1. What order do you get for 182, 358, 236 when you list them from fewest to most C-beta neighbours inside 10 Å?
2. Based on the Cβ-Cβ distance from residue 16 to residue 96, what FRET efficiency comes out when R0 is 22 Å, to the nearest 0.05?
3. Just order 152-163, 275-286, 206-217, 339-350 by mean Cβ neighbour count inside 10 Å, highest at the front, would you?
4. Taking amide H positions as placed 1.01 Å from N in the peptide plane, with prolines and chain starts having none, which residues 5 or more places from residue 326, or on another chain, fall under 5 Å of its amide H?
5. List, in the order given, every pair from 6/287; 7/164; 6/323; 142/216; 277/363; 237/363 whose Cα-Cα distance in the structure shown is over 23 Å.
6. Can you give the calculated 222 nm mean residue ellipticity of the chain, where each DSSP H run of n ≥ 4 adds -39,500 (n - 2.57) and the sum is split over every residue, rounded to the nearest 500 deg cm²/dmol?
7. Calculate one ³J(HN,Hα) per residue across the stretch 102-116 by plugging θ = phi - 60° into the Karplus curve 6.51 cos²θ - 1.76 cosθ + 1.60, and present them in order as whole Hz with x for glycine and proline.
8. From the backbone phi of the stretch 120-129, what are the Karplus-calculated ³J(HN,Hα) couplings (6.51 cos²θ - 1.76 cosθ + 1.60, θ = phi - 60°) in whole Hz, Gly and Pro given as x?
Amino acid sequence: MSASGKKRVSYFYDAEIGNYHYGQGHPMKPHRVRMTHNLVVNYGLYRNLEVYRPKLVSHTNLTRFHSDDYVNFLRTITPDNMTEFSRQLARFNVGEDCPVFDGLFEFTQLYTSGSIGGAARLNANQSDIVINWSGGLHHAKKAEASGFCYINDCVLAILELLKKHQRVLYIDIDIHHGDGVEEAFYATSRVMTCSFHKFGEYFPGTGDVLDIGIDKGKGYSINFPLNDGMDDESFEKVFRPVIGKIMERFAPTAIVLQCGADSLSGDRLGCFNLSLKGHASCVSYVKSFGVPTLVLGGGGYTLRNVPRCWTYETSVLLDAEIKDCLPYNDYYEYFGPDYRLHMPTSNMTNLNSQKYCEETTIKLLNILDDIEAVPGTQIESGGLNNVTPKGMDIDDDDKGADDGGNGDDKREGKKGDLKTEMAK
Ligand code: V1D
Ligand code: CA
């Protein structure tokens, strides 16, 4: 907190981001980050943000999560040489969803630097909140690109936060399941992942309510599967109790919030019916806990709505009121015919009944009741104060220091395969 009592909000932006192109007809447009930045500037929000310029991440930093082979491949592949790499393109799932384009590796380095650098700022207590709208690429796997994502900056930022923080919470309000982040931490109790997403014949197909983690991580993966038409009222009714319970039971000391804007009404790939206020209400609720938070972007495919959403959320994070009438900006013509910040929702049916929402919420609250309480978060008379949290070594404190280790080196298998990183 600053001397004035306001949160110190840091912000990452690199103008190069908007120059990368996934290709003709591809829905992912890095340009939306430049549009967001331009709106942030023209609303005058930029003046209240501390802009940071992190060091560009190295190959070694990327291999804290990703395999050497995969990072080497991303560094090598170009549109000109790709015909020589057909076997590797298939092996690393680089193709239609995740195409090869000019500057691909530099693009991944840029957005990832924003997230890792942001996590380092939180660790150093240089900021209370850090924003990187170019980050949040939650589908990338250890050795595989997936769903427009190549390097998983969310996982790498969480690994950075684990150097200092014993428990990190990852929250994902993108309409797609945050599968890459869940998979990376599926077997540990030091990271809790919680994703809200459309489920059933929808990419990536994972994120059932019954998928709750394994081994020490059992109960630390939380999934809220949803149907088409999710609206503001229902979203708030499921988001607040679940996140409130996580805060009470898991008591994270740092949070990563992925704010994919494809959960907004009218998204080109999405099927929810959230307004900016409904989406931002999640941001506001997370902020209300006062825990150091890294706020990331993610999906979002209706080009005019993504800058609206992320600019509004920047204002919410700054506690600044901004007017509905859009200021003149470089992309003004995109926002016609109304030229307003807030956009209307639709009259589509909400296929998430009250009964479904309540029953699923109760299932998740029960899962959370079953995880071991964190010492100091329970009422004295309950006698739980000296209980060792599940999967946590009671002498773990030293390991949490800035040594690259995170004190939980017994993960195994494909899910949660972070053994190498733990050993460093
Ligand atoms: F419509 C397209 C046009 C060109 C290329 C891809 C697409 C497209 C639309 N939806 N691809 C998808 C999804 N992929 C599939 C594939 C078919 N299968 C064999 C897989 O359905 C991928 C959707 C990715 C969503 C990414 C994200 O919004 O979650 C995101 N998060 O951070 C960044 C992006
Ligand atoms: Ca999600």
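Since every read-out is calculated from the coordinates, none of them should be taken as a lab result. The model shown is predicted, which means the values in this text are computed figures rather than measured ones. FYI the Cβ positions are ideal-geometry reconstructions off the backbone, even for glycines, and counts take in every protein chain you see.
1. So the ranking, lowest neighbour count to highest, is 358, 236, 182.
2. Step by step, r from the Cβ atoms, then E = 0.35.
3. Averaged packing, sorted descending, gives the order 152-163, 275-286, 206-217, 339-350.
4. Here 340, 341 satisfy the definition.
5. Check vs 23 Å cut-off fails for 277/363.
6. -9500 deg cm²/dmol
7. My calculation for the stretch 102-116 gives 4, x, 3, 5, 5, 4, 5, 5, 5, 5, 6, 4, x, 6, 5 Hz in order.
8. Karplus values, whole Hz, x for Gly and Pro: 5, 5, 5, 4, 7, 6, 8, 8, 9, 9.
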